[in-house]
1. Would you be able to tell me the number of residues in the range 19-51 that are loosely packed, with under 13 Cβ neighbours inside 10 Å and closer than 26 Å to Met81 by Cβ?
2. Which pairs do you get when a residue that is farther than 15 Å from Val34 by Cα and at pLDDT below 90, found in the range 1-23, comes within reach of a residue that is among the basic types (Lys, Arg) and surrounded by 12 or more Cβ atoms within 10 Å (Cβ to Cβ), reach meaning Cβ atoms under 6 angstrom, with the pair 6+ apart or on two chains?
Amino acid sequence: MSCDDEILDALAMLGNDNDLPSDACSQLERFVCVLYRSKIHTTVKELRWFLYSNRAAEGENLPPTSGSLDLHIQRAHYIAMIWRKADENHPDTCLLHLVEHLMQVQVTSLLFDV
């Protein structure tokens with residue numbers, strides 16, 4: 001398995017800013033496809049359909065849905081922000097704002113089944 005520089009740059013962006021750019025999220029989604037050894041598919045939606053329709057994987061062996069992957073990426077971004085601020089006496093309040101944002105995203109996704 002090999003990753004290109006775009007995926008490595010996206011991984012390096014985790015925890016840097018309050019908001020993770022959408023192009024970084026798409027590169028991280030492509031990274032998940034690479035983890036499943038897909039050379040053709042670049043989105044988890046396409047990969048899930050390919051694996052399911054060819055009976056190559058079912059249930060828990062499928063990659064996460066795009067909504068679930070987005071939440072996992074946001075969580076990893078938040079955890080990376082915490083670790084990057086671990087050596088400071090008084091971390092910025094941006095972490096609190098990010099927590100509030102993530103909680104709102106989770107409530108919205110639960111209410112509207114995004």
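1. 5
2. Close Cβ pairs (under 6 Å, with a partner that is among the basic types (Lys, Arg) and surrounded by 12 or more Cβ atoms within 10 Å (Cβ to Cβ)) amount to Gly15/Arg84.
Quick grid of which residues meet (1) assigned to a loop (DSSP other than H, G, I, E, B); (2) under 18 Å from the mean Cα position of the chain (by Cα); (3) closer than 19 Å to His77 by Cβ:
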position	(1), (2), (3)
Asp23	no, yes, yes
Gln27	no, yes, yes
Phe31	no, yes, yes
Arg37	yes, yes, no
Lys45	no, yes, no
Phe50	no, no, no
Arg55	yes, no, no
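The values are calculated or read from the model by the stated rules, or taken from the named source; none is laboratory data. None of the values given here were measured: they were computed from a predicted structure. Don't worry about glycine lacking a Cβ; one is built from the backbone with ideal geometry, like all the others, and counts go over all protein chains shown.
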